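Worksheet for the structure shown next.
The values are calculated or read from the model by the stated rules, or taken from the named source; none is laboratory data. The shown structure was predicted, so the numbers you read here are calculated from the model rather than taken from an experiment. Glycine also receives a Cβ, built like all others from the backbone with ideal geometry; neighbour counts cover every protein chain displayed. Just so you know, the surface numbers come from the protein's heavy atoms only, side chains and all, with ligands and any DNA or RNA stripped out. Shrake-Rupley method; radii C 1.70, N 1.55, O 1.52, S 1.80 Å.
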Amino acid sequence: DMMAASLNLPARFREFVQRHALIAQRDRVIVAVSGGIDSAVLLHLLAGERKRWRIDLLVAHFNHRLRGAEADADEAFARQLSARYGLPFEAGRADVGAIAASGGSSIEEAARALRYSFLEELLGTHSCTRIATGHNADDNAETVLFHLFRGSGLRGLAGIPVSRNNGIIIRPLLFASRTEIAAYAEASGVRFREDASNASDDHTRNIIRHHILPVVRERIQPDVAHTVLRTSALLRDVDALVTD
C-alpha cells in the first residue's frame, strides 16, 4: 500500500543511510536544494534526524539563470525553506546558457558541472564533510535506460551511485520512487515548487520519463523504479569485481 510505504519513509531512510554508511555522527552535510519535491523531502528527512545523528546541515541552492524570474523564485523558495528549518543558506549563480554556448557543451552538462563545482567549493569554505543530493529510484531508472539506449559499458548500466568521491557525495533518497516521495510529501505537508524543466521534452531523459517509463509501468512492471534499482546495484557490484 503506497500510503503505508510512504509514511514509513523516515524509517526506510534511516535504514538506507545506515546500511550504506552514508552519514556519520557529527557530519556537516550540505543539502543541495533546488526547491523541487525530491530535495524538499530530502531536507525534511535530514532535518528530522539532526538530533539523532548529531549532524549540522547547510542548505545550498544553485541558480542556473536559465528561467529568469522563475529561477529567482526557486532561489527565494529554497532560502525560505532553510529559514523555516533554522538552517544556514548559501546560493550560487551562473549564466549556464552563456557558459554552455562558449564551452561547446550541452546546457545539461554545463549546469551539472557548475552546480557540483559550487557545492564542492562550499565543502572547503564551510568545512563540511558531505554533499547530499535528492536523486531517487526513478532518476536511476531513467539514467540506466538512457545509457542502455545510447550504448554503454557496465558502469553506465549500474546507474546512479549511492555515493561517490569517497563518500563525499551521497544520495540518501535513492531507495525511494518518485511516487512514494510524492505520497510522503502530501501526507507530511512538505512544501515544494514544481520544477519547470521536468515538463518539457527537450531532453532525452524527459522522453524516457514522460513517454517510455509510463508505458512500462502500465503494461510491464508497475514497480519498474525498484526492479531497475536492484539490477543496477547488482551490475555495480559486478563492475567493481571486474575493474578492481
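Here are a few things to note about the model shown:
- Working ranking of peptides 35-41, 136-142, 13-19 by packing, defined as the average number of other Cβ atoms within 10 Å per residue, highest first, is 136-142, 35-41, 13-19.
- Hydrodynamic radius of the chain by the Kirkwood approach over all distinct alpha-carbon pairs: 18.7 Å.
- For the chain, the solvent-accessible area works out to 50 Å² per residue, with a probe of 1.4 Å and every protein chain left in place.
- Beta-bridge orientation, the chain: approximately 10 percent antiparallel, per DSSP, counting only bridges with both partners inside.
- Surface accessible to a 1.4 Å probe, Leu87 within the full protein complex, Å²: 20 Å²
- Net charge contributed by nearby residues that have their C-beta within less than 15 Å of Ser102 (K/R +1, D/E -1): -1
- Structural descriptor for the chain: relative contact order 24 percent, calculated from alpha carbon pairs under 8 angstrom and at least 6 residues apart.
- Annotation: peptides 76-82, 98-104, 171-177, ranked by per-residue average of other Cβ atoms within 10 Å with the highest first, follow the order 171-177, 76-82, 98-104.
- Largest to smallest principal axis extent of the C-alpha atoms in segment 135-244, angstrom: 44, 30, 25
- Computed in the context of the full set of protein chains, the accessible area of segment 1-115 at 1.4 Å probe radius has 51% of its extent on carbon or sulfur.
- Segment 1-124 shape via C-alpha gyration tensor axes, a/c threshold 1.5: prolate
- Taking amide H positions as modeled 1.01 Å from N, with prolines and chain starts lacking one, the residues under 5 Å from Ala132 and 5 or more places away or on another chain are Ile30, Val31, Ala32, Ile170.
- Sequence of Asp239, Asp195 when ordered by accessible area, the most exposed leading, probe 1.4 angstrom: Asp195, Asp239
- Modelled FRET efficiency - R0 51 Å, Glu218 with Glu120, Cβ distances, 0.05 increments: 0.80
- Here is the list for segment 151-244: GluC sites (Glu not before Pro) lying in DSSP coil, each with at most 12 other C-beta atoms within 10 angstrom of its C-beta, are Glu194.
- Translational diffusion coefficient (Stokes-Einstein; Kirkwood radius from C-alpha pairs) of segment 62-134 at 20 °C, 1.002 mPa s, in µm²/s: 161 µm²/s
- Rounded to whole numbers, the Karplus 3J(HN,Hα) couplings from phi for segment 50-58 are 3, 5, 4, 8, 6, 10, 9, 10, 10 Hz, using 6.51 cos²θ - 1.76 cosθ + 1.60 with θ = phi - 60°, and x at Gly and Pro.
- Phi-based couplings in Hz for segment 177-193 (Karplus 6.51, -1.76, 1.60; Gly and Pro marked x): 7, 4, 5, 5, 5, 5, 5, 5, 4, 5, 5, 9, x, 6, 8, 7, 10
- Ser188 - accessible surface, heavy atoms, 1.4 Å probe, Å² rounded to 10: 40 Å²
- Per-residue surface analysis assigns Arg193 an accessible area of about 60 Å², computed on protein heavy atoms at 1.4 Å probe radius.
- When the P(r) of segment 70-207 is calculated, the portion above 19 Å amounts to 64% of the C-alpha pairs.
- Linear extension gain, Thr204 paired with Arg93, 0.36 nm per residue minus alpha-carbon span: 37.4 nm
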